[in-house]
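Report on the structure given below.
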Amino acid sequence: MSKLYTLEKKTTDAAFPRVPGSTILSNDRLKIVYNKYLTARGAISKDKIKVNLIFAHGTGMNKSIWNYHIKKLFEHSQSASTWVLNSVLSIDAIGHGDSSLLNEGKIGWVYKWEDGSKDIIQVIKHEQQTTNEFVNNASTKNILIGHSLGGFMAVVAGFYEPSMFDAVIPVEGVLFMDPKTDGRFLGIFSKLSSILIDRFESEEEYNDYFTKFSIYKAFHPEVLKDFMEDEKATYVDPETKETKFMTKASTTNQMTTYYSARISIPLVMEIFPLLTVPLVHVIGSKATWNPPQSIKFIRDAVPKEYLLDAIDIPEGEHLVNGNDPDALVKIIEDTIKKRVNTAIEIRPNDPEVKYGGNKSEILKSQWDLTMSLIDEQLKASKEAAKKQKASKL
């Protein structure tokens with residue numbers, strides 16, 4: 001365990017209601033498990049911006065896929081002069097990791113990905129209500145990072161609650177689908193269903209599968225180790241009564257998530273032009289999971305004022321977050337620095353900061369400003385009407 005932060009595994013209620021078919025019974029309530037990393041520092045200087053990060057993993061993975069990234073970011077935070085990494089959340093999606101174990105016997109045959117976005121929001125609200133942390137304001141900034149499925153969930157969460165986040169970073173997010181090539185998705189999913197294994201005769205067989213045969217075998221060793229340790233569970237064979245090994249995310253839950261892409265992706269394609277939260281779009285330059293036309297579509301669709309950055313990781317593939325974690329750590333840190341610089345620049349004019357939290361002064365100043373803007377708009381409107389009338393004479 002690092003001396004830079006404490007680690008606590010926490011549980012809260014998942015979003016409710018959910019899309020029909022998400023649970024076996026419509027009234028089934030699900031749970032979300034997440035890791036919370038909290039800085040071990042004492043009091044934080046008011047001159048520094050507190051940064052909070054939230055991580056969402058991709059299909060088949062779990063919350064510990066991000067341990068390496070989080071550890072490095074806490075280390076880098078130690079030398080930062082303008083910001084401090086305060087708290088980090090890493091969430092197990094429904095049907096994955098520890099969330100999957102808690103929800104056994106309740107998960108249905110549909111997983112609409114936007115419900116996962118609502119789960120992220122639910123976790124953050126739980127932290128806000130129980131710890132008073134993760135309140136995005138002039139002095140504290142929340143940045144949401146998601147890979148693949150998690151990239152989708154991050155973008156949609158940012159759309160649903162733009163005031164909750166200072167920036168969103170989808171990494172190889174699954175955010176585009178062309179109906180003309182829909183068969184491509186089905187082909188990939190069919191292949192995946194044939195190579196996924198969730199039950200093992202021994203721990204050695206479990207380890208061999210992940211390190212030699214799985215799609216994760218090229219992960220950075222530390223990332224793979226953390227992922228495997230968190231994913232490993234045991235069960236008792238009903239016939240032999242022997243203890244055997246399994247993944248927490250069953251093949252069925254994984255395939256439900258994969259197949260639900262087709263009914264989920266159209267939503268995010270529609271909301272890109274409506275985004276009002278800064279977005280950093282990250283892809284791997286050699287990735288082939290998303291169709292090539294997705295890159296231009298996304299970067300053109302997001303309003304220019306909210307496309308904070310568009311980054312292609314050299315030689316990166318779809319699982320770049322696991323294969324090249326240091327490249328992603330740098331991108332996250334660079335984004336933090338940019339957002340912190342912006343926060344420092346505009347913080348003096350934030351009403352809460354400017355008036356020292358004095359509610360009456362804040363309200364009066366903002367009301368006066370609002371009335372002043374309305375007066376200016378009325379004057380401009382009257383002047384435009386006069387000019388239009390004069391042009392008709």
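From the list Leu308, Leu319, which residue is surrounded by fewer than 21 Cβ atoms within 10 Å (Cβ to Cβ) and aliphatic (A, V, I, L, M)?
Values: Leu319 fails: surrounded by fewer than 21 Cβ atoms within 10 Å (Cβ to Cβ).
On inspection, the qualifying residue turns out to be Leu308.
Output the residue which, of all residues in region 194-247 that are loosely packed, with under 11 Cβ neighbours inside 10 Å and among the polar types (S, T, N, Q), is farthest from the chain's Cα centre (by Cα).
Among those residues, the one meeting the criterion is Thr240.
Just one of Ile143, Ile120, Ile169, Ile91 is closer than 23 Å to Tyr68 by Cα, surrounded by fewer than 24 Cβ atoms within 10 Å (Cβ to Cβ) and aliphatic (A, V, I, L, M); which is it?
Ile143
Output the number of the condition that Leu101 fails; it satisfies all remaining conditions of (1) more than 18 Å from Ser148 (Cβ to Cβ); (2) in contact (Cβ under 8 Å) with a residue 60 or more places away in the chain; (3) in contact with a strand residue (DSSP E or B) (Cβ under 6 Å, 6 or more places away or on another chain).
That leaves (3) as the condition not met.
Quick check, is Leu308 in contact (Cβ under 8 Å) with a residue 24 or more places away in the chain and within 16 Å of Ile169 (Cβ to Cβ)?
Yes.
Out of Ile331, Ile374, Ile362, which single residue is in a helix (DSSP H, G or I), at pLDDT 95 or above and assigned by the TED database to the domain that holds Val88?
Result: Ile331 is the single residue among Ile331, Ile374, Ile362 that is in a helix (DSSP H, G or I), at pLDDT 95 or above and assigned by the TED database to the domain that holds Val88.
Within the group Lys36, Lys118, Lys125, Lys71, which residue is in the same structural domain as Lys10 (by the TED database), of a type in the set (D, E, K, R) and not in a helix (DSSP H, G or I)?
Result of the check over Lys36, Lys118, Lys125, Lys71: Lys36.
Quick one: in region 316-347, which of the residues that are touching a helix residue (DSSP H, G or I) at 6+ places or on another chain (Cβ under 9 Å) and acidic (Asp, Glu) is farthest from Ile188 (Cα to Cα)?
Result: Glu333.
Output the residues belonging to region 231-274 that are acidic (Asp, Glu) and under 29 Å from Phe159 (Cβ atoms).
Within region 231-274, just Glu270 meets the criteria.
With a cut-off of at least 1 residues that are of a type in the set (Lys, Arg), name the strands (runs of 3 or more DSSP E) lying wholly within region 134-250.
Values: elements: 140-147, 167-171, 232-236, 243-247.
By residue number, 140-147, 232-236, 243-247.
Can you name the number of the only condition in (1) of a type outside the set (Lys, Arg); (2) closer than 19 Å to Gln254 by Cβ; (3) at pLDDT 95 or above; (4) surrounded by fewer than 23 Cβ atoms within 10 Å (Cβ to Cβ) that Pro162 fails?
So the condition that Pro162 fails would be (2).
The values are calculated or read from the model by the stated rules, or taken from the named source; none is laboratory data. The structure displayed is predicted, hence computed values, not measured ones. Neighbour counts are summed over all protein chains in view; Cβ atoms, including those assigned to glycine, are modelled from backbone coordinates with ideal geometry.
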